[in-house]
Amino acid sequence: MTPAHCYICNGDHAPDDACVRPERAPATDLFDDAGQESASPFGPVFAATFESEDACCGEGILPGEDIRADGQGGWIHADDGCERMAS
């Protein structure tokens, strides 16, 4: 059979052949301002979209605040004080 474009794997192969998906590079999205990989145990910083509880200071999280994952299933404020408490 002639190869055809596959919209599942975005490659070209015969329709009866299995898709061959490329290997993914390991995720490395924790970088400091200089582009160097950060040694932080916390996830990347992003803005909260919902009100929720925090795992650090007990003040709660409000929409729009900068937060990050604490690495143990919770969320913390993305500031030095909460990161120190969560360490």
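The values are calculated or read from the model by the stated rules, or taken from the named source; none is laboratory data. Note that the structure is predicted; figures quoted are calculated from it, not measured. Counting neighbours? That spans all protein chains shown, and the Cβs are built from the backbone with ideal geometry, glycine included.
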Here is a check on your reading of the model: is His5 surrounded by 13 or more Cβ atoms within 10 Å (Cβ to Cβ), over 17 Å from the mean Cα position of the chain (by Cα) and modelled with pLDDT under 90?
no
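Within region 13-39, take every residue that is modelled with pLDDT of 75 or more and in a loop (DSSP other than H, G, I, E, B) and give me the one that is surrounded by the fewest Cβ atoms within 10 Å (Cβ to Cβ). Steps first, answer last, please.
Taking region 13-39 and keeping what is modelled with pLDDT of 75 or more, we get 13-18.
Now narrow it down to the ones that are in a loop (DSSP other than H, G, I, E, B): 14-18.
Values: Ala14: 11, Pro15: 9, Asp16: 6, Asp17: 11, Ala18: 9.
Among those residues, the one meeting the criterion is Asp16.
Report yes if Gly43 is part of a loop (DSSP other than H, G, I, E, B), surrounded by 12 or more Cβ atoms within 10 Å (Cβ to Cβ) and at pLDDT 80 or above, otherwise no.
Spelling it out, Gly43 is indeed part of a loop (DSSP other than H, G, I, E, B), surrounded by 12 or more Cβ atoms within 10 Å (Cβ to Cβ) and at pLDDT 80 or above.
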In region 51-71, residues that are modelled with pLDDT under 90 and in contact with a Pro (Cβ under 9 Å, 6 or more places away or on another chain) total 1
